[in-house]
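Let me begin by presenting the structure, written as structure tokens, before commenting on it.
The values are calculated or read from the model by the stated rules, or taken from the named source; none is laboratory data. What you see is a predicted model; the values in this text were computed from it and never measured. For neighbour counting, all protein chains shown are included, and Cβ atoms are generated from backbone atoms with ideal geometry for every residue, glycine included. Accessible surface is based on the protein model in full, side chains and every heavy atom, while ligands, DNA and RNA are left aside. Shrake-Rupley method; radii C 1.70, N 1.55, O 1.52, S 1.80 Å.
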Amino acid sequence: MLNLFFYGRSEEINNFLNKTPVPSEVSIEGAVLTGEERVLNHPLPVYHSLEQVDFNKDNILLVTNHHLEENYKNINYEGAELLFTLMISKEQTYKEYKKNNEKLMKIINATHDGMIAIDEKSRLVLINKRAAEMTELSVENSLGRNIEEVMPTSRLPRVLNTNITEYNKKQIIGNDRSIITTRVPMYEEGNIIGALAVFRDVTEIVKMAEEVTNLKSIRTMLESIINSSDDAISVVNEKGIGLLINPAYTRLTGLSEKEVVGKPAATDISEGESIHMRVLQTKKPIRGARMKVGPLRRDVVVNAAPVIVDGKIKGSVGVVHDVSEMESLALELEQAKSIIRTLEAKYEFADIIGNSTEIKMAVEQAKVAAKTPAAILLRGESGTGKELFAHAVHNESKRKFNKFIRVNCASLTETLLESELFGYEEGAFSGAKRGGKKGLFEEADKGSIFLDEIGELSPKMQAKLLRVLQEHEIVRVGGTAAINVDVRLIAATNINIEKKIEESQFRADLFFRLNRVPIFIPSLRERKQDIPILAMHLLRRLNQDYGRYVNGLTEEAALKLQSYHWPGNVRELENVLGRAVIHMPQTAQKIHASHITIAEETKPAFQNSETFDSRTLEEQLNWFEKNLIQQQLIKNDGNKTQTAKKLNISLRNLYYKMEKFSL
């Protein structure tokens with residue numbers, strides 16, 4: 001974005017702005033007016049001297065016809081008009097290029113053939129819609145990755161190495177799907193820049209019917225194939241008279257063989273036109289036609305294709321799918337995916353990065369503890385990865401195929417947390433659901449439940465949790481009956497529980513139950529030698545999030561990271577790296593020390609009155625509040641409970657403000 005200021009008389013500035021279109025990449029920040037008449041016809045900030053303008057911002061250009069002695073970056077009105085014209089032309093050229101590219105992708109995605117292409121480094125750069133369907137690959141998750149990772153059977157790297165075109169090769173992909181493919185190298189100015197594969201699915205019955213050379217000689221075999229299929233199939237001759245249907249067709253439509261065979265193609269249609277007749281007329285296959293069939297008026301989708309023998313059309317084959325069944329299966333699949341995303345544990349011990357003795361000891365302790373049914377207490381500062389350990393413990397245990405439920409005890413009020421954990425009976429309180437609701441302990445039966453910030457539990461909730469650990473049963477809110485539960489409890493805290501016990505704020509008997517297998521997770525400052533490999537691991541994820549290709553740190557950058565004490569631990573490290581990736585040049589592939597900004601380096605600028613004069617009152621208050629919270633978090637080593645006490649606000653309010661200011 002180019003930021004412009006005008007310097008001159010209001011008349012010449014108004015004339016320029018009235019006749020000159022402004023490109024979208026230009027932001028007009030204001031005008032410094034000279035002369036006696038200082039009135040603008042445009043809503044711009046007005047200044048009365050160049051000293052009032054902050055020229056320290058990036059990409060600032062001054063438009064003026066005056067000769068300036070100071071060293072300002074400036075351009076005259078004629079030059080600015082030419083610059084605007086060139087920028088607008090560039091925008092139009094880019095829009096045209098984008099439009100043409102989108103049109104090309106629509107054409108590629110509309111074709112029935114699958115297409116995949118790789119660049120000279122074997123990275124997948126193209127996969128059209130049909131190819132994604134046949135290979136069952138996700139376009140978003142596959143582009144940019146090495147072809148050997150996403151589709152090892154493609155054989156495109158071989159074409160890349162040999163420069164030899166391979167025509168009509170038979171190949172098996174996915175779940176025993178047969179294709180015929182042609183692979184060709186791609187060149188630009190005589191240099192090979194990649195390889196392209198174009199392929200077609202030849203496994204479908206409709207395709208088999210298109211390749212039949214003698215319908216009469218293979219009728220018996222075809223009938224056997226059709227009758228054994230779970231898909232509803234019907235076949236008509238060249239005159240549109242029914243030849244055969246399979247049992248699946250009868251089950252779907254309710255029509256017997258006598259009611260269809262020997263009758264016109266439209267006999268079985270309750271609503272819509274005959275797809276068989278359209279195929280016979282056009283001699284082209286038709287896919288995805290909707291209609292209603294049979295006396296029950298079943299809603300179906302029909303795919304049909306012509307049967308051609310010796311160049312002459314001999315009939316049509318149709319495959320019928322029950323739409324209601326397809327929609328039901330799709331809904332069940334989405335529900336299952338939703339449950340899996342919510343309840344599964346995502347990480348394993350392999351995801352815990354580090355070679356230091358401290359982290360290796362914590363991992364070994366957690367692996368041993370995972371094999372036992374005992375409750376586990378994860379202790380460590382905020383941002384050290386306690387939830388990561390909880391996921392890994394569940395996936396290492398015998399309960400890994402059952403649910404894993406996560407709860408932050410500090411983010412919910414006592415009453416809400418109680419009803420969420422233990423459930424409630426109908427009528428337990430106003431607004432309770434009819435029939436009551438299962439609690440998370442019941443939902444996690446035979447699985448694991450992770451209670452984060454357990455040190456923030458109220459005495460009442462501590463007593464109820466102790467009963468779960470001792471008796472393996474819960475009582476719903478508003479209920480009296482005990483419900484048995486088999487749940488593995490994994491708890492985490494970043495506070496000094498022993499001190500809370502001394503202050504009578506935490507039950508000693510609950511602590512002894514939780515503390516059977518304590519695991520102390522080291523802070524980042526205790527294992528600074530792990531920072532380089534941790535940074536590389538985090539950069540891989542940040543590259544995916546931001547669409548970048550940053551592949552490492554310079555030695556100076558690594559030393560700068562290792563010299564910091566990291567009160568926010570790994571979470572703060574990820575924040576610092578993310579900020580560096582966002583603000584570094586797009587072409588840069590390594591993070592330099594100059595790209596890294598750490599909280600300590602951000603100094604308050606109270607003495608710079610000009611900085612504050614340019615902000616609104618709300619902006620200044622937000623800036624001050626954010627810095628105050630950030631400083632208190634650093635002083636308290638990331639301990640949110642202590643920070644909230646120092647600031648004299650509730651813990652929930654602190655969480656809200658941290659989310660508001662992205663801390």
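Tabulated data for the structure shown
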read-out: Any chance S234 is within 30 Å of T111 (Cα to Cα), part of a helix (DSSP H, G or I) and within 47 Å of the chain's Cα centre (by Cα); value: no
read-out: Among (1) more than 18 Å from N639 (Cβ to Cβ); (2) of a type in the set (D, E, K, R); (3) touching a residue at least 12 places away in the same chain (Cβ under 8 Å), the one test that K500 misses; value: (1)
read-out: Every pair of residues 6+ apart whose Cβ atoms lie under 8 Å, when the first sits in the range 391-418 and is without any contact (Cβ under 8 Å) to a residue 40 or more places away in the chain while the second is open to solvent by less than 70 Å² (accessible area, probe 1.4 Å); value: L412/E420
read-out: Inter-residue pairs, beta-carbon under 8 Å, first surrounded by fewer than 14 Cβ atoms within 10 Å (Cβ to Cβ) and in the range 70-88, second at pLDDT 85 or above and assigned to a helix (DSSP H, G or I), 6+ apart; value: none
read-out: Exclusive hit being open to solvent by 50 Å² or more (accessible area, probe 1.4 Å) and in contact with a strand residue (DSSP E or B) (Cβ under 8 Å, 6 or more places away or on another chain), set I164, I179; value: I164
read-out: Evaluation of V63 against (1) open to solvent by less than 60 Å² (accessible area, probe 1.4 Å); (2) closer than 13 Å to E12 by Cβ; (3) assigned to a loop (DSSP other than H, G, I, E, B) (one fails), failing number; value: (3)
read-out: Residue check for V407: among the β-branched types (V, I, T) and more than 26 Å from the chain's Cα centre (by Cα); value: no
read-out: Any hit, the range 57-67, residues being in contact (Cβ under 8 Å) with a residue 12 or more places away in the chain and on the phi > 0 side of the Ramachandran plot; value: yes
read-out: Residues of the range 89-105 classified as surrounded by fewer than 11 Cβ atoms within 10 Å (Cβ to Cβ) and under 30 Å from R130 (Cα atoms), total; value: 11
read-out: The range 290-309 residues that are more than 22 Å from K239 (Cα to Cα) and touching a residue at least 40 places away in the same chain (Cβ under 8 Å), paired with ones that are of a type in the set (S, T, N, Q) and assigned to a strand (DSSP E or B) (beta carbon under 9 Å, 6 or more apart); value: P295/S270; L296/S270; R298/S270
read-out: Matching residues, the range 266-277, being open to solvent by less than 50 Å² (accessible area, probe 1.4 Å) and without any contact (Cβ under 8 Å) to a residue 40 or more places away in the chain; value: D268, I269, S270, S274
read-out: Residue identified as modelled with pLDDT of 85 or more, among the acidic types (D, E) and open to solvent by 30 Å² or more (accessible area, probe 1.4 Å) among E574, E601; value: E574
read-out: Unique match (being under 24 Å from A345 (Cα atoms), within 25 Å of the chain's Cα centre (by Cα) and open to solvent by 20 Å² or more (accessible area, probe 1.4 Å)) among D452, D445; value: D452
read-out: Candidate set: the range 455-468, residues that are within 38 Å of the chain's Cα centre (by Cα) and open to solvent by 30 Å² or more (accessible area, probe 1.4 Å); chosen: the one modelled with the highest pLDDT; value: K464
read-out: Some residue of the range 422-434 being touching a Ser or Thr at 6+ places or on another chain (Cβ under 9 Å), open to solvent by less than 10 Å² (accessible area, probe 1.4 Å) and closer than 27 Å to T641 by Cα; value: no
read-out: Selected residue (criterion: farthest from the chain's Cα centre (by Cα)) from residues of the range 129-145 that are open to solvent by less than 50 Å² (accessible area, probe 1.4 Å) and without any contact (Cβ under 8 Å) to a residue 60 or more places away in the chain; value: R130
read-out: Of residues in the range 106-127 being assigned to a loop (DSSP other than H, G, I, E, B) and out of contact with any Phe, Trp or Tyr (no Cβ under 8 Å at 6 or more places or on another chain), the one least open to solvent (accessible area, probe 1.4 Å); value: S122
read-out: Qualifying positions in the range 629-663 - open to solvent by 70 Å² or more (accessible area, probe 1.4 Å) and either in contact with a helix residue (DSSP H, G or I) (Cβ under 8 Å, 6 or more places away or on another chain) or in a helix (DSSP H, G or I) (or both); value: Q631, K635, Q642, K645, K646, R652, Y656, E659, K660
read-out: Extreme residue, farthest from the chain's Cα centre (by Cα), among residues of the range 564-594 that are under 17 Å from I533 (Cβ atoms) and in a loop (DSSP other than H, G, I, E, B); value: Y564
read-out: So D509, is it in a loop (DSSP other than H, G, I, E, B), at pLDDT 90 or above and either farther than 24 Å from F429 by Cβ or among the small types (G, A, S) (or both); value: no
read-out: Lone qualifier among R183, R130 - being assigned to a helix (DSSP H, G or I), closer than 30 Å to V309 by Cα and not hydroxyl-bearing (S, T, Y); value: R130
read-out: Residue that is least open to solvent (accessible area, probe 1.4 Å), among those in the range 344-373 that are over 18 Å from S448 (Cα atoms) and either in contact with a Cys (Cβ under 8 Å, 6 or more places away or on another chain) or outside any helix (DSSP H, G or I) (or both); value: S356
read-out: Any pair with Cβ under 8 angstrom, 6 or more apart, that starts in the range 2-30 at a residue that is closer than 19 Å to Q92 by Cα and ends at one that is open to solvent by less than 10 Å² (accessible area, probe 1.4 Å) and assigned to a strand (DSSP E or B); value: V26/L4; S27/L4
